[in-house]
1. How many residues does region 79-90 contain that are under 16 Å from PHE51 (Cα atoms) and crowded, with 19+ Cβ neighbours inside 10 Å?
2. Just to be sure I understand the filter: pairs with C-beta atoms under 6 Å, separated by 6 or more residues or on different chains, first member in region 132-152 and closer than 26 Å to LEU121 by Cβ, second member open to solvent by less than 60 Å² (accessible area, probe 1.4 Å) and of a type in the set (Asp, Glu). Which pairs pass?
3. Name the residue, out of THR48, THR60, that is of a type in the set (Val, Ile, Thr), assigned to a strand (DSSP E or B), touching a helix residue (DSSP H, G or I) at 6+ places or on another chain (Cβ under 7 Å) and crowded, with 16+ Cβ neighbours inside 10 Å.
4. Scan region 64-78 for residues that are over 16 Å from the mean Cα position of the chain (by Cα) and buried (at least 16 other Cβ atoms within 10 Å of the Cβ) and report the count.
5. May I ask you to say which residue of ARG89, ARG122 is without any contact (Cβ under 8 Å) to a residue 40 or more places away in the chain and assigned to a strand (DSSP E or B)?
6. Suppose we keep only residues that are surrounded by 13 or more Cβ atoms within 10 Å (Cβ to Cβ) and out of contact with any strand residue (DSSP E or B) (no Cβ under 6 Å at 6 or more places or on another chain) within region 111-125. Which one would you say is modelled with the lowest pLDDT?
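The values are calculated or read from the model by the stated rules, or taken from the named source; none is laboratory data. Please read all numbers here as calculations on a predicted model, not as lab measurements. Here the Cβ positions follow ideal geometry from the backbone for every residue, glycine too, while neighbour counts run over all protein chains shown. Accessible surface areas use protein heavy atoms only, side chains included; no ligands, DNA or RNA. Shrake-Rupley method; radii C 1.70, N 1.55, O 1.52, S 1.80 Å.
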Amino acid sequence: MRQSVAAAVAGLALALLAGGCQSRGELDNVAVRIHPNDPVALARGEKTFVFPELRSGRCTMRPGATLVLTEVGTSRWDAKAWTTGESDRWDMWVEVAASNGWPLFTLPPDRSGEKPEVYTLRMPAPRTDYDWQERNWRFDPTKYRHIDEVRIFYRC
């Protein structure tokens, strides 16, 4: 499974560099590292990732979108997004990695073992803030101590 995720990420990186992306390969991405010196979050058994503003097409994810991963294998995703168009959708998935960049798991959880699942926020009307929350993503808690960075892959 790790090899298939790593291969997918490597293929995506090559496709993005080549500019000839298809389907999932059209996803933009950004990496954000955890700051392990945050004593308050770590004392609670949480690693928190806060994202900058992300843009793709007509869509924007507001700055401050937050992914919290807990030592018991649960997660919280809180974000706001908006669009200037009609009937847009924001597709995304998150890769969680160790400090050496090695992928540990993906969110939403990888059900197929072949490729990451995609999480979609539908935005039917323009210029409206859409709250985007997810509380049901789970991961293997034995991987918690190795978590050091996340990369979000997204598109509108």
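1. So the count comes out to 3.
2. Pairs found: GLN133/ASP78; ARG151/GLU95.
3. THR48
4. 0
5. When all the criteria are applied, what remains is ARG122.
6. LYS115
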